[in-house]
Amino acid sequence: MAKKRLYPAIPRGNDQRQIESLTQIAEILIGASGNKLEKAVTYRELETLGITSLLVAAGGKKVTGGGGGDPAIDLPDVPTNLQAFGTFSHVILSWDTPQYNGHQYTRIYRSDTDNLAGAVAIATSIASVYADDTGPLGDGAGYYYWITHVNLNDVESAHHPAINGVYAETSLDPDIALSKLTQMVNSGQLSEYLRGDIEWVINKYATLEALFNDGTGIIERVGNAEGTISNHNGMIFANEENLAAMGIATFGLEDSITLARTDAASWDGVLVAEINSLKAVVYEIDGITPKWQAGVNDIKAAFAYDNGAIAISAQDVYVDQGNGPEGIQTYVEARAGEADSTVAQWAVKSSVASVLDPTDKLVGGIGLWNDGQQVYFTVSANRFAVINPLDNTAEPLLTVVQNSGDPDVPDGVYIPDAYIRTAHIKNLIAQTVVADFIHALELTAVDITGGTIGIGGDAFTVDENGQVEARNITIKNDLGEIVLQVNDVGAYISGAFIENLTVGTLDIVNGAVTATRFFESPTYGPTTSAVTLYDDTISIGSDAFLTVCATVEVKRSGDTTTAYDSVKFIIWLYDDTALVKTISHTELYADAKGTEQPKFLMPVSVAAPITSGSARLKISAQTDGSPVQPFFFKVTGFSISAKR
């Protein structure tokens with residue numbers, strides 16, 4: 001039994017029948033007529049159904065879903081130059097851009113130990129950079145990293161580095177560090193001493209007996225020791241007679257100098273101490289109440305015993321206007337014991353009545369503390385500055401301000417010029433940043449002018465003229481489906497609408513339809529003259545076969561009993577300017593005469609090879625009867641072309 005043809009045969013030697021056969025085949029292929037089972041299926045329809053995918057590569061190479069690799073895809077190179085940089089919450093990885101054909105992505109491996117066998121793949125990246133969101137890891141905590149390249153055939157390269165991973169750790173949050181430092185500094189003995197009011201020497205050690213029994217446990221032992229303590233006291237008074245003899249007028253003035261020195265020795269300790277006190281007093285008119293006082297007090301004491309030793313030196317320089325002493329104390333101490341480490345301390349502290357509250361004291365100073373474990377240098381002040389000793393107009397080299405009270409000088413540290421090797425800054429506010437390299441997770445509201453932006457080496461660049469160069473591009477829709485992908489193999493586009501497209505050479509698989517163009521004319525008439533319904537140029541590929549299918553709508557303008565409904569159509573097809581085909585349809589009747597406003601649709605078509613790449617199509621219509629009857633005309637159609 002003979003098999004039935006799916007499509008009609010194309011006769012030879014009869015242009016009109018060839019056109020009719022081609023038109024019928026085209027209508028069957030696009031599903032406009034015939035059995036729907038004979039309709040052609042496009043790659044787009046197959047892809048929409050998820051049956052296959054098509055990737056048209058540069059140079060005409062195709063990669064379709066399923067089955068085997070492509071010879072254009074290289075084996076992946078081993079990655080090079082992996083680097084890792086820690087931020088406060090991420091580790092940023094970067095590496096050299098791969099240069100082989102068919103690169104798909106880079107796979108990242110991570111381990112908390114330097115052991116490749118225990119590393120776990122955590123992510124992939126199509127760029128030459130990746131940010132690992134580790135979160136704050138804490139001080140001294142980090143990860144080891146390795147990477148591999150994977151090509152479009154899912155072939156994976158060897159690991160880089162081959163053995164020891166690249167280590168990186170996140171920076172400790174400055175808030176955490178500042179919290180720890182605040183507790184550490186504020187709880188130290190030096191800070192407590194600098195914040196507390198001055199314990200004036202003249203009050204604490206008014207007599208040597210108080211010095212011996214101040215409750216420290218060291219000096220107290222001397223008081224209980226066997227032996228003899230001898231005091232040598234001397235007093236020098238400056239009375240009114242002495243001052244008057246010197247030509248100084250006085251009223252209620254007393255100037256006293258007290259000197260005391262002692263030496264004590266026993267079988268378990270030796271103490272040597274000295275107190276010097278100078279004081280000047282001016283009394284009120286009653287001669288009893290002090291009005292102004294000024295003084296300088298010194299104490300030096302050294303004590304050595306069977307379990308340790310201590311030495312102190314303190315000096316008070318003060319004034320007193322009735323609210324207690326105000327001034328400066330210098331204090332130096334060194335002590336050691338069998339059960340305790342050696343401690344050395346030096347401090348200078350000031351105490352002055354507050355301007356805001358005279359009953360309160362504003363205390364500040366500077367100190368040095370060394371306990372053999374840590375050395376502390378602490379400044380207790382709300383303003384601290386380092387100045388240029390040679391230039392009184394120069395900016396301070398360093399200024400620390402707290403509670404300035406000036407809105408133009410907020411609290412903080414001010415440095416005109418600084419050279420810093422490594423800076424960990426949580427929040428940076430900068431007017432101008434000049435840097436050789438910037439590793440950042442995100443840039444917001446950035447206006448980049450001049451220069452060139454490069455991402456992943458030369459994989460993606462944008463220059464100051466807006467020129468964009470990209471090695472790999474993937475664009476997805478809201479559903480995450482790829483609509484555009486460009487890589488080393490070629491380009492893939494899904495569901496694209498292009499309003500105007502100029503293509504030098506467009507190659508579709510198996511020479512399928514390469515161009516489709518729809519055209520439609522306005523309605524002409526009523527007219528009894530010949531009218532050109534369509535005349536335009538069609539651009540197609542060179543050496544192509546062009547087929548035009550159209551429908552002419554014909555409508556008589558009125559009714560007559562004497563006129564016939566006869567019209568004729570002519571189609572001209574040019575290869576550039578050369579006429580290659582003419583098709584005429586004459587004596588076409590809508591209906592018998594006398595029928596009111598008859599109309600009909602007339603299919604017309606033409607086909608011919610076009611070598612120049614440019615075809616001109618012209619379609620005209622006119623009445624064809626006697627007497628002449630006026631008609632309306634309109635044409636609608638499309639053209640398709642294919643490579644020969």
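The values are calculated or read from the model by the stated rules, or taken from the named source; none is laboratory data. Predicted model only: the values in this text are computed from it and were never measured. All Cβ positions, glycine included, derive from the backbone under ideal geometry; neighbour counts span all protein chains shown. These area figures cover heavy atoms from the full protein model, side chains too; ligands, DNA and RNA do not enter into them. Shrake-Rupley method; radii C 1.70, N 1.55, O 1.52, S 1.80 Å.
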Selection from segment 531-571 of residues that are crowded, with 19+ Cβ neighbours inside 10 Å, in a loop (DSSP other than H, G, I, E, B) and either modelled with pLDDT of 85 or more or of a type in the set (D, E) (or both): D565
S230 of a type outside the set (D, E), open to solvent by 40 Å² or more (accessible area, probe 1.4 Å), assigned to a strand (DSSP E or B) and at pLDDT 50 or above: no
Those residues of segment 283-325 which are touching a Pro at 6+ places or on another chain (Cβ under 7 Å) and over 23 Å from D360 (Cβ atoms), in sequence order: Y283
The one condition in (1) surrounded by 14 or more Cβ atoms within 10 Å (Cβ to Cβ); (2) under 32 Å from the mean Cα position of the chain (by Cα) that V413 fails to fulfil: (1)
Pair list, Cβ < 7 Å and 6+ apart or interchain, from segment 399-426 residues that are at pLDDT below 85 to residues that are part of a loop (DSSP other than H, G, I, E, B) and small (G, A, S): H424/S171
Residue list for segment 326-352, filter: modelled with pLDDT under 90 and in contact with an Asp or Glu (Cβ under 7 Å, 6 or more places away or on another chain): S341
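Against the condition part of a loop (DSSP other than H, G, I, E, B), of a type outside the set (F, W, Y), at positive phi and modelled with pLDDT under 75, how does Q629 come out, does it pass?
Details: part of a loop (DSSP other than H, G, I, E, B): yes; of a type outside the set (F, W, Y): yes; at positive phi: no; modelled with pLDDT under 75: yes.
No; evaluated as a whole, the condition is false for this residue.
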Residue match in segment 180-194 (condition: hydrophobic (A, V, I, L, M, F, W, C), open to solvent by 80 Å² or more (accessible area, probe 1.4 Å) and either within 30 Å of G367 (Cβ to Cβ) or under 22 Å from the mean Cα position of the chain (by Cα) (or both)): yes
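Taking the options G511, G480, G450, name whichever one is under 27 Å from I73 (Cα atoms), out of contact with any helix residue (DSSP H, G or I) (no Cβ under 7 Å at 6 or more places or on another chain) and modelled with pLDDT under 70.
Numbers: G480 fails: modelled with pLDDT under 70; G450 fails: under 27 Å from I73 (Cα atoms).
So the residue among G511, G480, G450 that is under 27 Å from I73 (Cα atoms), out of contact with any helix residue (DSSP H, G or I) (no Cβ under 7 Å at 6 or more places or on another chain) and modelled with pLDDT under 70 is G511.
Return yes or no: is T330 among the hydroxyl-bearing types (S, T, Y) and open to solvent by less than 50 Å² (accessible area, probe 1.4 Å)?
Values: among the hydroxyl-bearing types (S, T, Y): yes; open to solvent by less than 50 Å² (accessible area, probe 1.4 Å): yes.
Yes, satisfied.
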Qualifying positions in segment 364-406 - of a type in the set (A, V, I, L, M, F, W, C) and not in a strand (DSSP E or B): A381, I387, L390, A394, L397
Tabulated pairs, segment 120-143, first of a type in the set (V, I, T), second open to solvent by less than 50 Å² (accessible area, probe 1.4 Å) and modelled with pLDDT of 85 or more, C-beta under 6 angstrom, 6+ apart or interchain: I122/I108; T124/Y105; I126/Y105; V129/S94; T134/V91
Count - residues of segment 149-166 that are under 14 Å from L75 (Cα atoms) and part of a strand (DSSP E or B): 4
Number of the exception - V185 against (1) part of a loop (DSSP other than H, G, I, E, B); (2) over 24 Å from T113 (Cα atoms); (3) modelled with pLDDT under 90: (1)
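Quick one: would you say I51 is open to solvent by 50 Å² or more (accessible area, probe 1.4 Å), modelled with pLDDT under 75 and not in a strand (DSSP E or B)?
Values: open to solvent by 50 Å² or more (accessible area, probe 1.4 Å): yes; modelled with pLDDT under 75: yes; not in a strand (DSSP E or B): yes.
Yes; evaluated as a whole, the condition is true for this residue.
Identify all residues within segment 309-349 that are within 52 Å of the chain's Cα centre (by Cα) and in contact (Cβ under 8 Å) with a residue 40 or more places away in the chain; write none if there are none. Show your work before the answer.
Going residue by residue through segment 309-349, those that are within 52 Å of the chain's Cα centre (by Cα) are 341-349.
If the condition is that a residue be within 52 Å of the chain's Cα centre (by Cα) and in contact (Cβ under 8 Å) with a residue 40 or more places away in the chain, then Q345, A347, K349 are the ones that fit.
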Criterion: open to solvent by 60 Å² or more (accessible area, probe 1.4 Å) and either modelled with pLDDT under 80 or among the hydroxyl-bearing types (S, T, Y) (or both) - qualifying residue of T207, T148: T207
